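Step one of this worksheet: look at the structure below.
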Amino acid sequence: MAASEAPCYLGWDFSTQQLKVIAIDEQLRVIYEDNIHFDKDLPEFGTHCGVHVHSDKLTVTSPVLMWVKALDMILEKMKSSGFNFSHVRAFSGAGQHGSVYWKEGASQILKNLSPDLPLHQLLKACFSVSDSPVWMDSSTTTQCLSLEKAVGGAQHLANITGSRACERFTGNQIAKIYSQNPEVYAQTERISVVSSFAASLFLSAYAPIDYCDGSGMNLLQIRDKIWSTACLNACAPGLEEKLGPVVLSSSVLGSVSPYYIQRYGFSPDCKVVAFTGDNPASLAGMKLEEGDIAISLGTSDTLFLWIKEPTPALEGHIFCNPVDSQAYMALLCFKNGSLIRERIRDDCASGSWDEFSKALKCTVVGNNGNLGFYFDVIEITPEAVGIHRFNRDNNKVPDFPKEVEIRALIEGQFMAKRIHAEKLGYKIMPRTRIVATGGASYNKEILQVLSDVFSAPVYTIDTANSACLGCAYRAIHGLVAETSVSLVDVVKLAPEPRLVVTPTAGSDQLYEPLLKRYAELEQKVLYSPNSSILAKLQEKEKSKTSSRN
């Protein structure tokens, strides 16, 4: 699909399995979409679902040159389709969570790119680590424990950086590389996150990390928006110089490099707006505002929300807000999402979503005080496993009638989300909206329970590529951000989320005592008093001992 001749804006998304791009016009209409699927379109890199899972089953990486070659391919596809790059006024992008290691001398190669050759050929010698650790990596348990100890404990680290030590976060990945390959670390002149790496490709110079993606590294002081000296020193020596500066997420980093002007016909005036993380970009794409909450109901359930006063906890994450420098976004992930909903549907509703929905409609709000916890796999938030049912007197029971079981599952999932969101600083406001996406967002009865538990209206949005779209919006915003125009003003022309359900009258009074009970009972079903990191480390050591014996 070729773009029109009117001015347009691009949004890029360097995600786990694909590189995606969207172009929008000045009326915010999508005029071009395309993607490169890593496994299918770049089979020579041998990835499965975009990654390499190593023999220890903990280390997960992606080839850096695969991402570079994917950019070559998608730009050539756009050129072949007749896309007119000269009409692109600005672009921004997003990246999955991961880190990229530029070798000494790479900056000089970036500055002197020949437009006669594809980028992946020009940059093949530029990386000191050929496979980048990504968000699925969980091999840095030792480094996480060391970082928490160095700064005075898990909660203190969360107070500084917005999260306790997280295995996929960049600081801990860097610490592992420095510990295991100090010579590789010494040969690295710059460390990027995937988002700033992608921006660097377009600038032909190292791009700074934005505040928002920087706050997902266990290295940034989220309130002061500067690198934490204590965290840097705990990870590796000389790290601040290798990371470079951090910048406002709406910053214009500069113009697109001559390489793209000469090879593809971009305008010399085309601006590159700071790239950010994929979840923050989705926040922009879904048009969230202060007090709003987004819930993705998929294989895992993800909740992210716009907050003013964060209260970092040992669970979940607090990031700087990508569209309002005075605000924050919180993120929580729940492993037990659609798969357990489907299992309970099969067990209690003959595999029928219609029967499942009827059960929700015929049972009363609050389920007569019956509460349930449903964790087929060890949950992240809270750290618990197994099925736990409690009657109205808080006595544990072995089973519920089928209709009660269905409502207990759905109410329990949403009560957990509200309880843990409030722990991170979320507050229900008069204008709060819930924007739901994912497979379960098509079920009106499930959304009704969500609305009742949160005491807020629920909306849905028809956006498959919200991160891409959010980056295209952010590109426009970047051009006017210095004039104090907000992203909300910029995206007024974009389609509004569609109202689906509103809270049942009186449900807020019913759920107030139930939420308190649920939070108290949750403490009784926790998997272990140990931290998740410590538990994993103990399991790892146990496995090593078994293999030696």
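Filtering segment 160-184 to residues that are over 29 Å from Arg223 (Cβ atoms) and in contact with a strand residue (DSSP E or B) (Cβ under 8 Å, 6 or more places away or on another chain) leaves only Val184. Looking across segment 42-53, the residues that are open to solvent by 10 Å² or more (accessible area, probe 1.4 Å), in contact (Cβ under 8 Å) with a residue 12 or more places away in the chain, touching a strand residue (DSSP E or B) at 6+ places or on another chain (Cβ under 9 Å) and not in a strand (DSSP E or B) come down to Phe45, Thr47.
Yes/no matrix, rows are residues, columns are (1) touching an Asp or Glu at 6+ places or on another chain (Cβ under 8 Å); (2) open to solvent by less than 40 Å² (accessible area, probe 1.4 Å); (3) more than 16 Å from Ile293 (Cβ to Cβ):
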| position | (1), (2), (3) |
| --- | --- |
| Val453 | yes, yes, no |
| Ala467 | yes, yes, yes |
| Ala481 | no, yes, yes |
| Val485 | no, no, yes |
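Whether a residue is acidic (Asp, Glu), within 24 Å of Gly277 (Cα to Cα) and assigned to a loop (DSSP other than H, G, I, E, B) was assessed, and Asp393 does not pass this test.
For segment 332-373, taking the residues that are among the aliphatic types (A, V, I, L, M) and touching a helix residue (DSSP H, G or I) at 6+ places or on another chain (Cβ under 6 Å), the one that is farthest from Glu403 (Cα to Cα) is identified as Leu332.
Can you tell me which residue is nearest to Thr276 (Cα to Cα) among those in segment 487-497 that are in contact (Cβ under 8 Å) with a residue 24 or more places away in the chain and open to solvent by 30 Å² or more (accessible area, probe 1.4 Å)? Even if it seems obvious, please write down each step before you answer.
We begin by selecting, within segment 487-497, every residue in contact (Cβ under 8 Å) with a residue 24 or more places away in the chain; these are 487-488, 491, 493-497.
Applying the additional criterion that residues be open to solvent by 30 Å² or more (accessible area, probe 1.4 Å) yields 488, 493, 495-496.
Numbers: Val488: 18, Leu493: 23, Pro495: 23, Glu496: 23 Å.
Filtering first and then ranking leaves Val488.
Counted as qualifying within segment 231-345 are the helices (runs of 4 or more DSSP H) with 1 or more residues that are in contact with a Gly (Cβ under 6 Å, 6 or more places away or on another chain), namely 278-285. Answer yes or no: is there a residue in segment 419-441 that is assigned to a helix (DSSP H, G or I), crowded, with 18+ Cβ neighbours inside 10 Å and without any contact (Cβ under 8 Å) to a residue 60 or more places away in the chain. Within segment 419-441 (the criterion being assigned to a helix (DSSP H, G or I), crowded, with 18+ Cβ neighbours inside 10 Å and without any contact (Cβ under 8 Å) to a residue 60 or more places away in the chain), the answer is no, since none of the residues qualifies. Does Ser228 satisfy the criteria of being surrounded by fewer than 24 Cβ atoms within 10 Å (Cβ to Cβ) and touching a residue at least 24 places away in the same chain (Cβ under 8 Å)? So Ser228 fits the description; yes. Considering segment 355-379, the residues that are outside any loop (DSSP other than H, G, I, E, B) and of a type in the set (Ser, Thr, Tyr) include one that is nearest to Lys444 (Cα to Cα), namely Ser357.
Hey, could you check segment 150-204 for residues that are in contact with a Cys (Cβ under 8 Å, 6 or more places away or on another chain) and of a type in the set (Ser, Thr, Tyr) and say which is farthest from Pro133 (Cα to Cα)? Filtering first and then ranking leaves Thr161.
Working only within segment 54-100, note down all residues that are part of a loop (DSSP other than H, G, I, E, B), surrounded by fewer than 24 Cβ atoms within 10 Å (Cβ to Cβ) and not hydrophobic (A, V, I, L, M, F, W, C). Hits for segment 54-100 are His54, Ser55, Asp56, Lys57, Thr59, Ser81, Gly82, Asn84.
Candidates in segment 164-197 are the residues that are of a type outside the set (A, V, I, L, M, F, W, C) and more than 21 Å from Ala150 (Cβ to Cβ); of these, the one that is surrounded by the most Cβ atoms within 10 Å (Cβ to Cβ) is Ser195.
Residue pairs whose Cβ atoms lie under 6 Å apart, separated by 6 or more positions or on different chains, with the first residue in segment 98-115 and among the β-branched types (Val, Ile, Thr) and the second modelled with pLDDT of 95 or more, are Val100/Val64; Val100/Ser132; Val100/Ser192; Val100/Phe197; Ile109/Cys126.
The values are calculated or read from the model by the stated rules, or taken from the named source; none is laboratory data. Keep in mind that what you see is a predicted model, and the values were worked out from it rather than measured. Counting neighbours? That spans all protein chains shown, and the Cβs are built from the backbone with ideal geometry, glycine included. Heavy atoms of the whole protein, side chains included, go into the accessibility calculation; ligands, DNA and RNA do not. Shrake-Rupley method; radii C 1.70, N 1.55, O 1.52, S 1.80 Å.
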